[in-house]
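Each remark here refers to the structure printed beneath this line.
The values are calculated or read from the model by the stated rules, or taken from the named source; none is laboratory data. Quantities reported herein were computed from a predicted structural model and do not represent experimental measurements. Cβ placement follows ideal geometry from the backbone for every residue including glycine, while neighbour counts extend to all protein chains displayed.
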Amino acid sequence: MKPTLVKTRDELRGALDALPGRLGLVMTMGALHEGHLSLVKEAKKHADHVMVTVFVNPTQFAPGEDFDKYPRNLEADLAAVASVGADLVFAPATEEIYPNGNANVTLNPGPSATVLEGKTRPTHFAGVLQVVHKMFNITGADVAVFGQKDAQQLAIVRQMVRDLDMPIEIVGAPIVRAEDGLALSSRNSYLSEAEREQALSLSASLKAGKAAAEAGNSADEIKTATRSVLEDAGVRVDYVELVDPTTFESVESGEGVLAIAAYVGQTRLIDNTILNIGSIIK
Ligand code: AMP
């Protein structure tokens, strides 16, 4: 069945009244792919009804980033979420979410938002938390599913919910990849054929890092093994870091997120994997 499409808060309120029980929320910026659809499928396991938001949130983009050219295709998005049984799509205009223009009251995402993505994109996570918090309040969702693809975002949203006692459950879902390993991303549509080939070095580098970890190497050695695959492929590395999955502080042992960002041509891509450091004694 086709999901109901609503664009205003008033329409949303009416549509939500028709969806009794536990409400699951999947927040997206549209240009939906199998990664987003996996979140809807996961949400259905935790809720009676699932709603998807499609909103390219301006406050998480810095000037000069790709807000204007970000792919938008609501018709295709509706067909995609219909195929996995979402009940409701909320696709508001910017003014519907920010009726007073820039908000004065915002959230400080804390220290874990100052590293990795937050170092390169210093205003990004404040914008993310602003829209996530608003959507939690506007929808009253009981559970929200976020992808491990944006591991730092997932960790920071979890912290917000915990630190501010927000009455919502957060569920993380694994990264969905193309058969050749490339993590699905709406931004992959920016890549030329040659760049897409080059972009395979991201998942390949994580594999190399994971293999280095499994062979008992140190955190530094794991990062070096990862970085060298990216450099050999000729992509411009933004960062290669090994961090604690919750705090995003650097780790030297135990469970870590190996997180990378690199520019393939003009396109900035991110990827990550979870691994164990120091599980084997050499
Ligand atoms: P976006 O539309 O890129 O803002 O992403 C919306 C949600 O989908 C976020 O929770 C992302 O982490 C998640 N997501 C994006 N790509 C993937 C993927 N390849 N696998 C799993 N989740 C994803």
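Among the residues examined, Asp163 qualifies as under 26 Å from Asp244 (Cβ atoms), out of contact with any strand residue (DSSP E or B) (no Cβ under 6 Å at 6 or more places or on another chain) and surrounded by fewer than 19 Cβ atoms within 10 Å (Cβ to Cβ). Only one of the listed residues (Asp238, Asp180) is in contact (Cβ under 8 Å) with a residue 24 or more places away in the chain and farther than 18 Å from Ile277 by Cβ. That residue is Asp238. Number of residues in the range 64-99 that are under 20 Å from the mean Cα position of the chain (by Cα) and either part of a loop (DSSP other than H, G, I, E, B) or of a type in the set (D, E, K, R) (or both) equals 14. Restricting the range 255-277 to residues that are crowded, with 22+ Cβ neighbours inside 10 Å and without any contact (Cβ under 8 Å) to a residue 60 or more places away in the chain leaves a set whose member that is farthest from Asn217 (Cα to Cα) is Ile260. One residue stands out among those in the range 177-186 that are buried (at least 18 other Cβ atoms within 10 Å of the Cβ) and in a loop (DSSP other than H, G, I, E, B): the one that is farthest from the ligand (Cβ to nearest atom), which is Leu182.
Pairing residues of the range 121-142 that are basic (Lys, Arg) with residues that are buried (at least 19 other Cβ atoms within 10 Å of the Cβ), at Cβ distances under 8 Å and at least 6 apart in sequence or on separate chains, gives Lys134/Ile97. Across the range 18-34, the number of residues qualifying as surrounded by 21 or more Cβ atoms within 10 Å (Cβ to Cβ) and either in a helix (DSSP H, G or I) or among the acidic types (Asp, Glu) (or both) comes to 0.
Is it true that Val56 is near the ligand (Cβ under 9 Å from one of its atoms) and either at pLDDT 95 or above or not in a loop (DSSP other than H, G, I, E, B) (or both)? So Val56 passes the test.
Can you say whether Gly110 is among the small types (Gly, Ala, Ser), more than 22 Å from Thr267 (Cα to Cα) and modelled with pLDDT under 95, as far as the supplied structure shows?
Values: among the small types (Gly, Ala, Ser): yes; more than 22 Å from Thr267 (Cα to Cα): yes; modelled with pLDDT under 95: no.
Taking the combined requirement at face value, the residue does not satisfy it.
Being within 14 Å of Met135 (Cβ to Cβ) and of a type in the set (Gly, Ala, Ser) narrows it down to one of Ala76, Ala43, Ala82, Ala18, so name that one. Result of the check over Ala76, Ala43, Ala82, Ala18: Ala43.
Report whether or not Thr106 is within 16 Å of the ligand (Cβ to nearest atom), among the β-branched types (Val, Ile, Thr) and within 17 Å of Gln130 (Cα to Cα). It is false that Thr106 is within 16 Å of the ligand (Cβ to nearest atom), among the β-branched types (Val, Ile, Thr) and within 17 Å of Gln130 (Cα to Cα).
The residue pairs whose first member lies in the range 212-230 and is closer than 11 Å to Val240 by Cβ, whose second member is among the hydroxyl-bearing types (Ser, Thr, Tyr) and in a helix (DSSP H, G or I), and whose beta carbons are closer than 7 Å, counting only pairs six or more residues apart or on different chains, are Thr226/Ser205; Val229/Ser201; Val229/Ser205; Leu230/Ser201; Leu230/Ser205. Quick one: would you say Glu42 is within 11 Å of the ligand (Cβ to nearest atom), within 15 Å of Ala82 (Cβ to Cβ), in contact (Cβ under 8 Å) with a residue 24 or more places away in the chain and charged (D, E, K, R)? Spelling it out, it is not the case that Glu42 is within 11 Å of the ligand (Cβ to nearest atom), within 15 Å of Ala82 (Cβ to Cβ), in contact (Cβ under 8 Å) with a residue 24 or more places away in the chain and charged (D, E, K, R). Residue selection: Met160 satisfies the criterion of being within 23 Å of Gly256 (Cβ to Cβ), in contact (Cβ under 8 Å) with a residue 24 or more places away in the chain and either of a type in the set (A, V, I, L, M) or part of a helix (DSSP H, G or I) (or both).
Does Ala151 qualify as being away from the ligand (no atom under 15 Å from the Cβ) and either modelled with pLDDT of 95 or more or part of a loop (DSSP other than H, G, I, E, B) (or both)? Criteria not met by Ala151. Residues that are under 28 Å from Lys69 (Cβ atoms), of a type outside the set (A, V, I, L, M, F, W, C), away from the ligand (no atom under 13 Å from the Cβ) and not in a helix (DSSP H, G or I) are absent from the range 197-209 altogether.
Might you let me know whether the range 247-254 holds any residue that is over 29 Å from Pro111 (Cβ atoms), touching a residue at least 40 places away in the same chain (Cβ under 8 Å) and not in a strand (DSSP E or B)? Checked the range 247-254: no residue is over 29 Å from Pro111 (Cβ atoms), touching a residue at least 40 places away in the same chain (Cβ under 8 Å) and not in a strand (DSSP E or B).
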